[in-house]
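The values are calculated or read from the model by the stated rules, or taken from the named source; none is laboratory data. Fair warning: this is a prediction, and the values are worked out from it, not measured in the lab. Neighbour counts are summed over all protein chains in view; Cβ atoms, including those assigned to glycine, are modelled from backbone coordinates with ideal geometry.
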Protein chains: 2
Amino acid sequence: MHRTKVRIVEDALDANNTIAQANRADFDRAGVTVVNFMSAPGAGKTSLLERVVGDVPQVRVGVLEGDVQGSMDAERLAGLHVPVTQLNTDPSFGGECHLDANMVRSALPELPLQEIDMLVIENVGNLVCPAEFKVGEDVRVMVSSVTEGEDKPLKYPLMFRTCDLVLVNKIDLLPHLDYDLDRFLYNVDQVNPAAERLLVSARTGAGIDAWRDWLSDVAARSREGAIA
Amino acid sequence: MHRTKVRIVEDALDANNTIAQANRADFDRAGVTVVNFMSAPGAGKTSLLERVVGDVPQVRVGVLEGDVQGSMDAERLAGLHVPVTQLNTDPSFGGECHLDANMVRSALPELPLQEIDMLVIENVGNLVCPAEFKVGEDVRVMVSSVTEGEDKPLKYPLMFRTCDLVLVNKIDLLPHLDYDLDRFLYNVDQVNPAAERLLVSARTGAGIDAWRDWLSDVAARSREGAIA
């Protein structure tokens with residue numbers, strides 16, 4: 001029973017990877033760099049996008065907004081005059097807790113790939129399943145808010161292990177928290193020493209220039225074919 | 001394709017409900033009231049349990065600790081001299097993002113049901129799938145931290161719709177946030193006007209007496225058979 005379940009999961013992930021590769025090939029052909037953007041609920045993904053998507057130098061950014069229900073985040077971003085496409089995961093009872101490659105594939109015809117250089121896919125707020133499903137991305141970025149505690153890399157290791165950049169958000173709240181930033185960064189090292197890290201605050205703007213530069217640099221490296 | 005997937009999900013949830021009813025019957029026979037305790041990662045579930053599990057009046061509390069990996073939270077709680085049982089969900093690639101009735105059933109032989117009056121099941125940190133899977137609980141409690149934003153009831157409606165109590169945690173941070181508490185409570189009303197709400201801070205102890213009293217009252221009502 002147990003082995004059967006594991007095999008079903010492995011088969012599903014294999015099938016997902018095949019579709020993710022097809023997505024990636026389509027994005028490459030269109031010259032679009034893709035960022036899979038993930039975090040727990042309320043960590044600040046949309047706020048961090050609002051800060052940068054309109055003005056990454058020489059990079060036209062579009063957003064694919066994944067949510068269980070509703071389009072509140074998409075409406076926030078649409079006000080910034082960037083192309084935003086909504087993808088809801090709620091056909092089943094409580095909705096899917098992650099985007100998968102097939103969901104992103106179903107959204108491809110809606111995406112204005114000729115008008116953008118970079119697509120940021122804002123995943124469903126969740127630290128578990130989104131990490132398991134590739135969607136065709138070049139890079140993975142996750143947000144970890146300092147209000148979530150230092151232990152999260154150890155409790156949700158796959159998410160931290162598979163990301164290229166950790167945005168440590170809400171650093172304006174550090175003076176008001178019992179949060180040990182060094183301990184958090186040490187915990188990131190335990191699961192993914194190669195992960196880049198940026199300390200940011202969507203509220204105050206701290207670190208936002210570095211976040212914007214990081215996206216610009218990823219787009220440049222992708223154009224040069226320097227991202228595997 | 002799409003209809004087939006929905007049917008598979010419905011079948012899985014039906015099978016889960018059957019096992020959840022068996023769990024509930026076993027808990028009832030043992031005279032144990034069960035709380036399914038849920039939230040996003042880092043909202044403060046374990047801290048809120050640390051504050052109360054050792055001293056709910058006339059209620060011996062045990063904890064079943066659900067995590068993808070590790071036993072850090074269980075170790076924190078074990079220091080309070082209450083029975084704690086660890087349940088990890090990681091046999092598959094990234095681990096399951098929720099507890100289901102069968103996982104809880106597999107832990108039943110490990111639970112000291114004769115030594116406790118209440119079992120708190122701390123679910124995996126996630127606002128989507130834990131809401132879909134009954135595990136045999138009498139009541140559902142969720143934690144929503146004020147750092148997560150006011151929009152969460154509208155973005156994760158099933159979680160808010162199916163809970164009996166919302167603990168609004170980290171209220172000590174309110175002076176430092178752009179968070180509209182009235183708007184959050186209004187949003188809770190939109191999806192679940194019957195949900196009780198308590199404003200708490202695990203850090204300062206604000207509202208903790210009311211939280212402890214709530215658990216005591218649930219145990220009393222359960223003993224009287226007043227919970228459906």
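Within the span defined as region B:188-200, one or more residues are more than 11 Å from chain A (Cβ to nearest Cβ), surrounded by fewer than 17 Cβ atoms within 10 Å (Cβ to Cβ), in a helix (DSSP H, G or I) and touching a Pro at 6+ places or on another chain (Cβ under 7 Å). Taking the conditions (1) hydrophobic (A, V, I, L, M, F, W, C); (2) surrounded by 23 or more Cβ atoms within 10 Å (Cβ to Cβ); (3) touching a strand residue (DSSP E or B) at 6+ places or on another chain (Cβ under 7 Å) in turn, A:Phe133 satisfies each one other than (3).
If I ask for residues that are hydroxyl-bearing (Ser, Thr, Tyr) and modelled with pLDDT of 95 or more, which ones from region B:203-224 would you list? Listed by number, the residues that qualify are B:Thr204, B:Ser216. With the structure loaded, tell me whether A:Leu174 is more than 17 Å from the chain's Cα centre (by Cα), surrounded by fewer than 19 Cβ atoms within 10 Å (Cβ to Cβ) and closer than 24 Å to A:Ser201 by Cβ or whether it fails that test. It is true that A:Leu174 is more than 17 Å from the chain's Cα centre (by Cα), surrounded by fewer than 19 Cβ atoms within 10 Å (Cβ to Cβ) and closer than 24 Å to A:Ser201 by Cβ. Going through (1) more than 18 Å from B:Val68 (Cα to Cα); (2) part of a loop (DSSP other than H, G, I, E, B) one by one, B:Val135 falls short only on (1). The residues listed here are A:Val68, A:Val104; of these, the one that is closer than 30 Å to B:Phe133 by Cβ and touching a Lys or Arg at 6+ places or on another chain (Cβ under 9 Å) is A:Val68. Within region B:174-207, being in contact with a strand residue (DSSP E or B) (Cβ under 9 Å, 6 or more places away or on another chain), under 25 Å from B:Val53 (Cβ atoms) and of a type in the set (Val, Ile, Thr) holds for one residue alone: B:Val200. When B:Asp164, B:Asp151 are checked against the criterion of being surrounded by fewer than 23 Cβ atoms within 10 Å (Cβ to Cβ), touching a residue at least 24 places away in the same chain (Cβ under 8 Å), over 21 Å from B:Leu77 (Cβ atoms) and facing chain A (nearest Cβ under 8 Å), a single residue qualifies: B:Asp151.
Regarding B:Ala206, is this residue more than 19 Å from the chain's Cα centre (by Cα), in a loop (DSSP other than H, G, I, E, B) and more than 14 Å from chain A (Cβ to nearest Cβ)? It is true that B:Ala206 is more than 19 Å from the chain's Cα centre (by Cα), in a loop (DSSP other than H, G, I, E, B) and more than 14 Å from chain A (Cβ to nearest Cβ). Applying the set (1) within 16 Å of A:Ser145 (Cβ to Cβ); (2) more than 8 Å from chain A (Cβ to nearest Cβ); (3) part of a helix (DSSP H, G or I) to B:Ser144 leaves exactly one unmet item: (3).
Taking (1) crowded, with 24+ Cβ neighbours inside 10 Å; (2) of a type outside the set (Phe, Trp, Tyr); (3) over 29 Å from A:Met159 (Cα atoms) in turn, B:Pro109 satisfies each apart from (1).
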